[in-house]
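Trainee: Mind having a look at this structure? Questions to follow.
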Amino acid sequence: MSTTVTTTRGPVRGERRADGSLRFLGIPYAQPPVGDLRFAAPVAPEPWTEPLDATAYGPTAQRRPFGEVVIIPEPTIPGDGVLNLNVFTPDTAPRVPLPVLVWIHGGGYVAGSAASPWYDGAAFNRDGVIVVSLGYRLGIEGFLHLEDAPDNRGVRDWIAALEWVRDNIAAFGGDPAKVTIAGQSAGGGAVQTLLAVPSARDLFRGVISVSGAILRPDGPEVALAASRLLTSRTGVPATAAALRDLSDEEVLALQDRLAEDGPDREGLPPMLALAPFADGDLIPEPVAEALATGGAGDGVPVMLGFTEHEFAMIPAPEGVPVPLVLGGLGLGSERIDAFTKAYAETDEALLFGQALTDVTFRAPNLALADARAARRQPTWLYEFAWRSPATGISFHCLDVPFAFDVLGTEGVTAAAGEAPPQALADAVHRAWVAFVTDQDPGADWPRYTAEKRSTMVWNTESAVSEDPLGRVRAIWLD
């Protein structure tokens, strides 16, 4: 059965599902970024009068999946209108306007798709929460610094989508004053970035950052270095004029060249060379610095965390001893010894990946929680420690189907085994619903404070523990 809702640009026709909820897919929040708009700031769609068919997912900016570290099924859908979003709602006319969860997908800022079945909003709808998932420009189109185009175009896309939510979500039964933004991996970094964007501040009231990845360092010097490297390696000027008419395949080939190892990469991080960065305008200062010491995001409730092993499955570079790798990650001899002792029972094949996990996810997010706790800001920290029987570890993305309560959907068995614990999904999902609804995950999960550092450890038997990540802090932060 179809249902039509009128947005500020025109009517959209969605579908009612078997459970009674509704979904509206592929709604444009900006014009297709092609031609002169390919590297421009997002532009509002032209109005329409006839109902727009919103019963199928719209085109994705992803043209190629990210790689083997991501196990989320994220389809690639061809087409130009990639700046679209999806709305999952239990009711377009509820008695009381409903809270809203806006989801920003991950994928290293170069891949990912809002059309994943893991991001289906049905379980949240069942529990009185509207879900909006959005697509945005990726890679070179979204994040490469170009001298003749606005910076951080992907970030501008997020903001444009949030402005669409502000202006339209009431028509779908939502409360524009009760928007929580959430994302995983690069999406987790995205919502942390938005905390540091002044122009986005009034577009949401809470943040859930799942395995948030922030480029470090994330200043303009990194963005400029990436642009120079692209030109030096390919001969193509880092300008919108030079890139505007290239095919998707040609742009991907340029990204591949930019990602290659080599001595000329000095000044660039090993990952996330294409990512949000402090441009002095939209993002006034480096995000990590703004959140840790600048007070950005103060007053906004934040729930954040990571899986225990994230990237532990990534092998060390062949022939390179683990201590040498640890030194390259910034550890001195004493800290290398502390790391080795702390992970003495860890399979040696996982040590490099665990170090990468710590330096990329656990330590930075722990540092953010500590900084916010020192300023007594409302913060809840967690670690997802349940180990998949398929791999024996708690790896990157494993927590997502538990949070969305979609254990029976495509791809979950391969990631989480034949019988992932529904009770764990119930607990994680319930905490998310409570946070989106009340800006607090529940009485059994106290705030993270400088005194107790209470942390929820999600597992078959979940419980709050006081400072269970102390050894991570001692190795990487103290």
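Since every read-out is calculated from the coordinates, none of them should be taken as a lab result. Owing to the predicted nature of the structure, the values given are computational and were not obtained by experimental measurement. Cβ atoms come from the backbone with ideal geometry, glycine included; neighbour counts cover every protein chain shown.
Trainee: Please report the relative contact order for segment 383-439, taking Cα pairs under 8 Å with a sequence separation of at least 6, and give it as a percent rounded to a whole number.
Mentor: Answer for segment 383-439 is 33 percent.
Trainee: I would also like to ask the following. Per 5 Å bin from zero, what fraction in whole % of the C-alpha pairs of segment 114-269 is there, up to the bin with the longest pair?
Mentor: Taking all Cα pairs of segment 114-269, the binned fractions are 2, 8, 15, 19, 17, 14, 11, 8, 5, 2, 0 percent.
Trainee: What distance in nm separates the simple spin-label points at Thr6 and Arg228, each placed 7 Å from Cα in the Cβ direction?
Mentor: Result for the modelled spin labels: 5.6 nm.
Trainee: Can you give the local net charge around Arg244? Use residues other than it whose beta-carbon is closer than 12 angstrom to its beta-carbon, Lys and Arg +1, Asp and Glu -1.
Mentor: Summing Lys and Arg as +1 and Asp and Glu as -1 gives -4.
Trainee: Beyond 16 Å, how much of the Cα-Cα pair distribution for segment 206-265 remains, as a whole percent?
Mentor: When every Cα pair of segment 206-265 is considered, 55 percent fall beyond 16 Å.
Trainee: Do the sum for the chain: with -39,500 (n - 2.57) for every DSSP H run of n ≥ 4, divided by all residues, what is the mean residue ellipticity at 222 nm, to the nearest 500 deg cm²/dmol?
Mentor: Here the helix-only value at 222 nm equals -8500 deg cm²/dmol.
Trainee: What's the Kirkwood radius of segment 50-191 in Å, using all Cα pairs?
Mentor: Taking the inverse mean of 1/r over all distinct Cα pairs, segment 50-191 comes out at 15.6 Å.
Trainee: For a quick size check, give me the Cα extents of segment 431-478 along its three principal axes, largest first, whole Å.
Mentor: Principal axes ranked by extent give 36, 25, 16 Å for the Cα atoms.
Trainee: Right, next: With a cut-off of 8 Å between alpha carbons and a minimum separation of six or more residues, what is the relative contact order of segment 15-149 in percent?
Mentor: The value is 28 percent.
Trainee: Of all DSSP beta bridges located in segment 2-476, what percent are antiparallel, nearest 5?
Mentor: Just about 40 percent of them are antiparallel.
Trainee: Same structure, new question: What number results when the radius of gyration of segment 202-335, computed over Cα atoms, is divided by 2.2 N^0.38 Å?
Mentor: Compared with the compact-globule rule of thumb, segment 202-335 sits at 1.28.
Trainee: Taking Cα pairs under 8 Å and at least six residues apart, what relative contact order does segment 2-476 come out at, in percent?
Mentor: 13
Trainee: While we're on this one: Identify the residues of segment 36-80 with backbone N under 19 Å of a label point that sits 7 angstrom from the Cα of Thr391 along the Cα-to-Cβ direction, or state none.
Mentor: Within reach of a label on Thr391, which here means backbone N under 19 Å from a point 7 Å along Cα→Cβ, segment 36-80 contributes 65-75.
Trainee: Working from the alpha-carbon coordinates of segment 336-478, get Rg over Rh, Rh being the Kirkwood radius.
Mentor: 0.97
Trainee: Given that compact globular proteins tend to follow 2.2 N^0.38 Å, what is the ratio of the alpha-carbon Rg of segment 2-476 to that value?
Mentor: 0.94
Trainee: What nm value, rounded to one decimal, do you get for the distance between Ala423 and Glu466 when each label is placed 7 Å out toward the C-beta?
Mentor: Placing both labels 7 Å beyond Cα along the Cβ direction yields 2.6 nm.
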